[in-house]
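Novice: Dropping a structure here in structure tokens format, bear with me for questions.
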Amino acid sequence: GQQVMQIPQYQHVQEGEDFTTYCNSSTTLSNIQWYKQRPGGHPVFLIQLVKSGEVKKQKRLTFQFGEAKKNSSLHITATQTTDVGTYFCVSHTGNQFYFGTGTSLTVIP
Amino acid sequence: EAQVTQNPRYLITVTGKKLTVTCSQNMNHEYMSWYRQDPGLGLRQIYYSMNVEVTDKGDVPEGYKVSRKEKRNFPLILESPSPNQTSLYFCASSLSGALYGYTFGSGTRLTVV
């Protein structure tokens, strides 16, 4: 199936530092979704990117979709303790979904 | 409140004893899916359903069954659970397939001894 690789697997940052997670595919993606899962919680949908080169912002979060639609990134500016959790990118083939392995973010106060 | 409701939240059972995890959504979503989450393996899709009476295998369907007799319900059935099915299970729904984001249930932590 269609797989997406996510890096890094873990990231520890000081509160106020920036954070970026990357998602890469060997094949062209139709779209890509991003989710956040807090510790002990369930994944929560953040955003979907569809167009080549698309950039979307949600407050301190910036999401990008590569020009070739083979990679995506999530950047958080000035992290806060509320940003703690695991961030997943999700691709699909038809109606079958594939979650990336996730990036676990720890924010040190 | 729009939500996906899973029950039970926690379940400990013995090998071979049939069990059902229920999932219900109140958003009139067409698409529903089951995932299992395991450390180091992330979330893997078990089964999904595009609509009533339409179900398809995901990445890891072995040992599981599903049914979609009504739009709102999508139960996950383990006919003969085994210890390797010990996992955290999530049900999720979306308006219609891959073009929309999922709403996830709170999860069911299953232990098979």
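The values are calculated or read from the model by the stated rules, or taken from the named source; none is laboratory data. What you see is a predicted model; the values in this text were computed from it and never measured. Quick reminder, even Gly has a Cβ in these numbers, built from the backbone with ideal geometry, and neighbours come from all protein chains shown. To get the accessible areas, we keep the full protein, side chains included, count just its heavy atoms, and leave off ligands, DNA and RNA. Shrake-Rupley method; radii C 1.70, N 1.55, O 1.52, S 1.80 Å.
Novice: Mind checking the range B:25-113 for GluC sites (Glu not before Pro) that DSSP puts in a loop (not H, G, I, E or B) and that have at most 12 other Cβ atoms within 10 Å?
Specialist: When the GluC sites (Glu not before Pro) of the range B:25-113 are filtered for loop state and at most 12 Cβ neighbours within 10 Å, B:Glu53, B:Glu62, B:Glu70, B:Glu79 remain.
Novice: For the protein assembly as shown, which semi-axes, largest first and in whole Å, follow from the square roots of 5 times the eigenvalues of its Cα gyration tensor?
Specialist: 30, 20, 16
Novice: Determine the share of the range B:63-113's accessible area contributed by carbon and sulfur atoms, expressed in whole percent, with a 1.4 angstrom probe.
Specialist: Answer for the range B:63-113: carbon and sulfur cover 55 percent of the accessible area.
Novice: Still on this structure, I have one more. Tell me the per residue accessible area of chain B using a 1.4 Å probe; a whole number in Å² is fine.
Specialist: 47 Å²
Novice: Cα atoms only: what Rg and Dmax, in Å, come out for the range B:44-113?
Specialist: 12.4, 39
Novice: Can you list the residues of the range A:88-108 that have at least 40 square angstrom less accessible area with all protein chains present than in their chain by itself, probe 1.4 Å?
Specialist: Output list: A:Asn95, A:Gln96, A:Phe97, A:Phe99.
Novice: How many percent of the accessible area of the range A:24-109 is carbon or sulfur, using a 1.4 Å probe?
Specialist: 54 percent
Novice: What are the chymotrypsin sites (Phe, Trp or Tyr not before Pro) within the range A:4-61 that DSSP puts in a loop, where the Cβ has at most 10 other Cβ atoms within 10 Å?
Specialist: Loop-located and lightly packed - none at all.
Novice: In Å, what Kirkwood hydrodynamic radius results for the range B:1-73 from the alpha-carbon pair distances?
Specialist: 13.5 Å
Novice: Rounded to the nearest 100 Å², what is the sum over both chains of accessible area buried where A meets B, with a probe of 1.4 Å?
Specialist: 1600 Å²
Novice: Would you mind checking which residues have amide H under 5 Å from A:Gly102's amide H? H placed 1.01 Å from N; only 5 or more apart, or other chain.
Specialist: The answer is A:Gln6, A:Cys89.
Novice: If you filter the range B:63-113 for trypsin sites (Lys or Arg not before Pro), then keep DSSP loop positions with at most 12 other Cβ within 10 Å, what is left?
Specialist: B:Lys69
Novice: How many Å² of accessible area per residue for chain A, probe 1.4 Å?
Specialist: 48 Å²
Novice: With θ taken as phi - 60° and the coefficients 6.51, -1.76 and 1.60, list the Karplus ³J(HN,Hα) couplings across the range A:25-36 in order, rounded to whole Hz; mark glycine and proline as x.
Specialist: Taking θ as phi minus 60°, the curve returns 10, 7, 10, 6, 9, 6, 7, 9, 10, 10, 10, 10 Hz for the range A:25-36.
Novice: From the mean inverse distance of alpha carbon pairs (Kirkwood) and the Cα radius of gyration, derive Rg over Rh for chain A.
Specialist: Computed over Cα atoms, the ratio is 0.96.
Novice: Can you list the lysines whose alpha carbon sits under 27 Å from that of A:Lys36, skipping same-chain ones fewer than 8 residues off?
Specialist: A:Lys51, A:Lys56, A:Lys57, A:Lys59, A:Lys69, A:Lys70, B:Lys57, B:Lys71
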